[in-house]
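What follows draws every value from the coordinates through simple rules; no lab data is involved. Model, not experiment: these values are computed from the prediction. No Cβ is skipped: glycine too gets one built from the backbone with ideal geometry, and neighbour counts run over all protein chains shown.
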Ligand SMILES: Cc1ncc(COP(=O)(O)O)c(C=O)c1O
């Protein structure tokens, strides 16, 4: 019998992009500059200025030993993941460039992309929980995230304990203590602390720094703190700077930004990404090459789009604030609660462009307002170039039990608005005429 070929000694180096400029005049390049070319070398693709879309299910290995070596990376026999391209359920050039660029925005070591925000969130949670474990989460969460924890993971013996966004450091600590006891009784551990901040649709902020302090104090062995940063990321909040370990996104929203694709991502240190990558390799769920390419295009303008949408939202909210038919606003640029303002000042870099407006009245008044908008479209989702308005209590959060909706402030008088990049005066005129009809 002949000896097996030793794959460790015979790697064929993968053609890597040329080393690129990452700093200028002694300081690092900003993300908006890096979005134009980071991680892509035209010389590797016939000089094509933009990365081509790599539509292939599988990649040819330079040698059998390379194939073996790559599979050792895929299966975890060799640390550090695959060193080369293998099969499109695991990785691909468009996805790798996208992951490199997404990691930049959050200052993360590594990122992973998925076919939707919910695929990202579900695979993330599944990678970390086992039977008997407990998830601690903030509330409100996007309804599907909340449902995945309460209904799907429950089938596998995973329970949860939650706390309202805005809870005090003492309340957060108490909840983590409670989760620790619950896990002990169930023969498991606290497997993940999962936050959404700002929460959808109320814009309630979670004190990430207080969550980290409580986690470190109560749980000797740290479990990851993950946070859905869809509403403010990647421009207006960088949760990894404040103690989160993993940041999750629906890329469908601001990052995609044109309401023409569905995708998701997570980012963080490699040690947190590796278990999730392994499960994604098994299950699938990676973003497809075409959508990854569209996201690369979107990332080139994400800062411009978000800045303009943010400016528009500030103007629209200044108009809505004193309108006689408006009861109140859930806009981060006009916070009335002292604790929420303190969290905002520590964590946020901008007020965003998605907010809630509470109309005087209830469902009937909200429906009249929504049915009379002419520029803003009546649709769920957010973060696109166009302005959208919806009624969470009867749409995105309909599956949340009525009592819980009331507790979380998702009332029948709440309309959620995502401001786009249209002309602000046109938007204000549209809101004014729709409010007149209420
Ligand atoms: C805050 C938040 N997280 C996650 C999701 C899910 O993202 P996707 O629709 O891309 O699966 C959404 C969708 O609206 C959301 O608003």
#### Entry: Residues residue 380 and residue 48, FRET efficiency given R0 of 41 Å [Cβ-Cβ distance, rounded to 0.05]
0.65
### Message
Assuming 0.36 nm per residue, please report the length gained on full extension of the stretch residue 36 to residue 109 beyond their Cα-Cα distance.
### Response
24.3 nm
### Task
Assign one of three labels to the range 225-292, namely rounded, prolate or oblate, based on the Cα gyration tensor with a ≥ b ≥ c the square roots of its eigenvalues; rounded applies when a/c is under 1.5, prolate when it is not and a/b is larger than b/c, and oblate otherwise.
oblate
### Message
Rounding to the nearest 10 and keeping the result within 0 to 90°, find how far the Cα-based axis of helix 64-74 lies from the longest principal axis of the chain.
### Response
30
### Task
Quick one: angle between helix 117-128 and the longest Cα principal axis of the chain, in degrees between 0 and 90, rounded to 10, please.
60
### Message
I'd like the orientation of helix 208-218 relative to the chain: the angle between its Cα long axis and the longest Cα principal axis, in ° from 0 to 90, rounded to 10.
### Response
60
### Message
Between residue 25 and residue 283, what is the label-point separation in nm under the 7 Å Cα-to-beta-carbon projection?
### Response
4.6
### Tensor-based shape of the chain (alpha-carbon gyration tensor, a/c under 1.5 rounded, otherwise prolate or oblate)
oblate
### Query
Between residue 89 and residue 399, what is the label-to-label distance in nm when each label sits 7 Å out along the Cα-to-Cβ direction?
2.5
### Query
Expressed as a whole number of Å, what is the distance separating the alpha-carbon centroids of the range 216-234 and the range 374-438?
29
### Task
Counting other beta carbons within 10 Å of each Cβ, put 207, 241 in order, fewest first.
241, 207
### Query
If you build a Gaussian network model of the chain, linking Cα atoms that sit under 10 Å apart, which residue out of 316, 152, 129 swings the most?
152
### Message
Need one number: % antiparallel among DSSP beta bridges in the chain, to the nearest 5.
### Response
60
### Task
Express as a percent, rounded to the nearest 5, the fraction of DSSP beta bridges in the range 303-436 (both residues included) that run antiparallel.
85
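Which order do the peptides 332-342, 82-92 come out in when sorted by mean C-beta neighbours inside 10 angstrom, highest first? Don't jump to the answer; show the numbers that get you there.
Numbers: 332-342: 15.4, 82-92: 19.7.
The peptides rank, most packed first, as 82-92, 332-342.
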### Message
Starting from 0.36 nm per residue, how many nanometres of slack lie between residue 322 and residue 152 once their C-alpha separation is accounted for?
### Response
56.9 nm
### Task
State, to one decimal in nm, how far the label point of residue 57 lies from the label point of residue 269, with both points 7 Å from Cα in the Cβ direction.
3.9
### Message
I'd like the distance between the alpha-carbon centres of the range 254-315 and the range 140-181, rounded to an integer number of Å.
### Response
25
### Message
If you average the alpha carbon positions of the range 21-73 and of the range 108-137, how far apart do those two centres end up, in angstrom?
### Response
26
### Task
Name the shape class, rounded, prolate or oblate, that the alpha-carbon gyration tensor gives for the range 39-174, where a ≥ b ≥ c are the square roots of its eigenvalues, rounded holds for a/c under 1.5, and otherwise prolate holds if a/b is larger than b/c and oblate otherwise.
prolate
